[in-house]
1. Please name all residue pairs, on different chains or six or more residues apart, with Cβ atoms under 8 Å, provided the first residue is in the range 29-47 and is over 9 Å from Arg58 (Cα atoms) and aliphatic (A, V, I, L, M) and the second residue is open to solvent by less than 40 Å² (accessible area, probe 1.4 Å) and not in a loop (DSSP other than H, G, I, E, B).
2. So which residues in the range 249-277 are out of contact with any Ser or Thr (no Cβ under 6 Å at 6 or more places or on another chain), of a type in the set (A, V, I, L, M, F, W, C) and part of a helix (DSSP H, G or I), if there are any at all?
3. Condition (residue is in a loop (DSSP other than H, G, I, E, B), touching a strand residue (DSSP E or B) at 6+ places or on another chain (Cβ under 7 Å), over 20 Å from Phe36 (Cα atoms) and open to solvent by less than 20 Å² (accessible area, probe 1.4 Å)) applied to the range 106-114: is it met by at least one residue?
4. Go through the range 226-248 residue by residue and tally those that are part of a helix (DSSP H, G or I) and surrounded by 11 or more Cβ atoms within 10 Å (Cβ to Cβ).
5. Which ones in the range 2-46 are surrounded by fewer than 19 Cβ atoms within 10 Å (Cβ to Cβ) and farther than 29 Å from Gly115 by Cβ?
6. Are any residues in the range 196-219 in a strand (DSSP E or B) and either open to solvent by 10 Å² or more (accessible area, probe 1.4 Å) or of a type in the set (S, T, N, Q) (or both), and if so, which ones?
7. I'm trying to understand the selection: among the residues of the range 158-195, which are at pLDDT 65 or above, open to solvent by 20 Å² or more (accessible area, probe 1.4 Å) and over 21 Å from the mean Cα position of the chain (by Cα)?
8. Quick one: in the range 90-103, of everything that is under 18 Å from Ala28 (Cβ atoms) and open to solvent by 10 Å² or more (accessible area, probe 1.4 Å), which residue is modelled with the lowest pLDDT?
Amino acid sequence: MKKHEIFFRLDCGGLIGFGHLSRCLSVAQAMADRGFSPIFVIRERPSIQTIRIPYSIRWLKKVPDVSSNEIEKWRVVDEQGEADEFIAMVGKPRFVFLDHYALGLDWQKKVLSSGSKLALFQDVYSARFEADFLINYNPGTGGSYSKLAGSRPETKFLLGCQFSPLAREYAENHRFQDFFNVNVERIGIYLGGAPVESLLRLATALSLSEFYKVKEIEWVVNSDEERVAIAAILTSQKISFCIRLPSLMPLYQRVQLFIGACGVSYLERACLGLWQVNFIVAENQLPVSRVLQQENLGFLVGDLRTLNI
């Protein structure tokens, strides 16, 4: 094994999104700080032709963008074939981080049989895996995995919020009291399934704030109706709208502050080290909001559905 090389196998872009990339970038940064050379192995797709990654990329065979949410269609061939292409590209043995819903047990076994070591990100529970390390940072995962006999008794389990792959600068420096020293010129906003009346209350609050009046705002909305209603309130702001972006990653890379919800996209932004102001917009976001408060990461305003202006 070449001591200083560590490989990240993931896919991103289009329907796949960029959560896999953002958390692998956080791990890669930590590894680079310790003398390793991160290498990203990604399937080339049209939607990621302009992607920016500060590490070496090895592109697998180019394919069209995925047009289905069925994860098995994210592969080009079967898992064995995907593993063969990966092994042929990177050589063997290696240390590999796998962050990919569609590359399951067969891919993992094939790569391990080549002599590589494998660390697996698994943010949904599955009893069918084989890896040297398994990382699942969702709250309450420990009980599920403790019941597994597992095909590799030596597997190391890294479970729970303390293993969230946050960017180092975010984990160390993103405390709300430090926010006032950040130079913010452009702000991004996306609040998922928040009710329209909640979005309009937020727009009214922004219209009353001197801070937001002098910033450029990019707001991602779900419909043209939302755009028209919000624009009617924010008449004096420098604001542009996008409707249903296929990925928020380009927006994340353009802005210095993001106003969003406490869903999985919160962790994606945290992994990138992006400053953010967060709202609860659904009941299932309460566990994440509690972690955000306990760790003093970012700033939680409250429940957007009930807050007054």
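The values are calculated or read from the model by the stated rules, or taken from the named source; none is laboratory data. All of these numbers come straight from a predicted model, not from anything done at the bench. Every residue, glycine as well, gets a Cβ built from its backbone with ideal geometry; the counts of neighbours run over all protein chains shown. What goes into the accessible areas is simple: the full protein's heavy atoms, side chains included, and nothing from ligands, DNA or RNA. Shrake-Rupley method; radii C 1.70, N 1.55, O 1.52, S 1.80 Å.
1. Met31/Ile6; Met31/Pro38; Ala32/Pro38
2. If the condition is that a residue be out of contact with any Ser or Thr (no Cβ under 6 Å at 6 or more places or on another chain), of a type in the set (A, V, I, L, M, F, W, C) and part of a helix (DSSP H, G or I), then Met249, Leu251, Val264, Leu267, Ala270 are the ones that fit.
3. no
4. 7
5. Gly14, Leu15, Gly17, Pro46
6. Across the range 196-219, the qualifying residues are Glu216, Glu218.
7. Selection gives Asn181, Val182, Asn183, Glu185, Pro195.
8. Arg94
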